[in-house]
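First comes the structure, then the notes that go with it.
The values are calculated or read from the model by the stated rules, or taken from the named source; none is laboratory data. Everything numeric in this text was worked out from a predicted model, so none of it was measured. Backbone-built Cβ (ideal geometry, glycine too); neighbour counts: all protein chains shown. These accessible areas exclude ligands, DNA and RNA; they are computed on the full protein's heavy atoms, side chains included. Shrake-Rupley method; radii C 1.70, N 1.55, O 1.52, S 1.80 Å.
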Amino acid sequence: MIQIEIEPVWRFSKREGNRSLQIMLDFLAEIHATGKITAAADKAEVSYRHAWNLIEKWSDFFEMPLVVRKQGSGTRLTPFGEKLVWAGQRLEARLRPLLQNLSQELETEINQMLPNGPLVLRVHASHGFAVPKLRELLSREPGLDVDFRYVSNQNSLVSLSHGGCDLAGMHLPQGDLRKRAIAVSKGWLNPSIHRVIGFVTREIGLIVARGNPLGITTVERLLDPQIRFVNRDPDSGTRQLFELLLAQHQLDGTRINGYEHAEFTHAAVAAYVASGMADVAFGVEAAARQFDLGFVRLLTEDYFFVCRKDILEVDAVRRILKVMQGRDFHSAISLVPGYSVRDPGVIKTIADVFRRSE
């Protein structure tokens, strides 16, 4: 099986003299994280001398320093260097699902043309932290090609209903909001036709700056006009959950500063908070911890897959269930903050899952 990876290239240009320069923002990010040029050089597989030559070349291009060395305290990025890193982090979080979808589309098209092409199973699910872990483990399975596409909660169910995928990711909150969340999706599910595959739970809430300096602990605090919020995209399940949460507290979202500013992933909204462009976001704990941010838990969600019951007899599905139930998947999820396995690979009825709302 042929695998394809598409990565962005960061190229900066100046009109005068038509100068352009490619910068490894992950190299600067490593300096930001470790305070050591040696660590960045090792990760980039370049010599220490070459690393310094790169830094001097970039500083000359921008006509300002990117790093500062202090005796006894290592190396740190200048404010401009940090600005470059955070710009890269935000755009990486925003682009990654789109590039992975495109690479997956090309993979499927090419592999289907090859002799003895692998068995393909189509999975549509929202982009989070547990699904990429599963995708990584499944990529190691010989002769099994899983076509993963990152789509919103609602769109995955629509795709399943129309025969566009075999497994559809879905997440529902535990507690009082479950009934309301179910009402949005119920029209696409048939208890006699569909089954649910257990997967994980995840903690979701307010992503805030480290130490929570503004004391943001409730959704009511978001109405403070001085607090800058960054929202999720309107089609995402997390945005729909946020709307339900606001309705539960009888709050008008249009009064929130930044309510109309939306990003496409949990990591993207967390990157906005980490870079200082927003004070708070609504997302999963794993995204907050990824950027060393604070987190205020508000809800726990059940994340699972929905499928037609007849596909459970397909060998590819059985192999996926076995991976979900395996030790490697459990170990991988245990390392993701705010996530835990919940009946992974266990088959349930629609009634079993939805009854928890009662």
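General remarks:
- Cα-only Debye scattering, the stretch 42-92: base-10 log of I(q)/I(0) at q = 0.17 Å⁻¹: -0.61
- Protein heavy-atom accessible surface, 1.4 Å probe, per residue over the chain: 49 Å².
- The chain: angle of helix 237-248 to the longest principal axis, Cα-based, in degrees nearest 10: 80 degrees
- Residues Glu105, Glu7, Glu285, Glu56 ordered from highest to lowest accessible area at a 1.4 Å probe: Glu7, Glu56, Glu105, Glu285.
- Average Cα contact separation per residue, the chain, under 8 Å, 6 or more apart, as relative contact order %: 20 percent
- Per-residue SASA entry for Ile347, accessible area with 1.4 Å probe, Å² rounded to 10: 70 Å²
- Efficiency of FRET from Cβ geometry, Trp10 and Arg255, R₀ 25 Å, rounded to 0.05: 0.10
- Cα point-scatterer Debye curve for the stretch 299-342, base-10 log of I(q)/I(0) at q = 0.20, 0.21 Å⁻¹: -0.76, -0.81
- Using bins of 20 Å that start at zero, the share of Cα-Cα pairs per bin across the chain amounts to 26, 53, 20, 1, in whole %.
- Placing pseudo-labels 7 Å out from each Cα toward the beta carbon at Leu137 and Ser340 gives an inter-label distance of 1.7 nm.
- Share antiparallel - DSSP beta bridges, the chain, percent rounded to 5: 75 percent
- Here the accessible area is traced with a 1.4 Å probe on the protein chains. For the stretch 225-336, carbon and sulfur cover 47 percent of it.
- Against the rule of thumb 2.2 N^0.38 Å, how large the Cα Rg of the stretch 216-258 comes out: 1.09
- Candidates Ala39, Ala93, Ala287: whichever shows maximal mean-square fluctuation once the chain is modelled as a Gaussian network with Cα springs under 10 Å: Ala39
- 27 Å tail of the calculated P(r), the stretch 154-274, as % of Cα pairs: 25 percent
- Of Gly164, Gly143, Gly74, the one that fluctuates the most in a GNM where the chain has Cα springs shorter than 10 Å: Gly74
- Residue-span extension gain [Val314 to Phe61] - 0.36 nm each, minus C-alpha spacing: 85.4 nm
- Counted over all Cα-Cα pairs of the stretch 244-303, pairs farther apart than 18 Å make up 40 percent.
- Hull volume in cubic angstrom per residue (convex hull over the Cα atoms of the stretch 68-194): 207 Å³
- 4 °C / 1.567 mPa s Stokes-Einstein diffusion coefficient of the stretch 250-358, Kirkwood radius on C-alpha pairs, µm²/s: 76 µm²/s
- Choice from Phe12, Phe229, Phe199 with maximal GNM fluctuation in the chain (Cα, 10 Å cutoff): Phe12
- Against the compact-protein benchmark of 2.2 N^0.38 Å, the Cα-based radius of gyration of the stretch 141-188 scales to 1.39.
- Summarising the label geometry, the points placed 7 Å from Cα in the beta-carbon direction at Leu98 and Glu243 lie 2.3 nm from one another.
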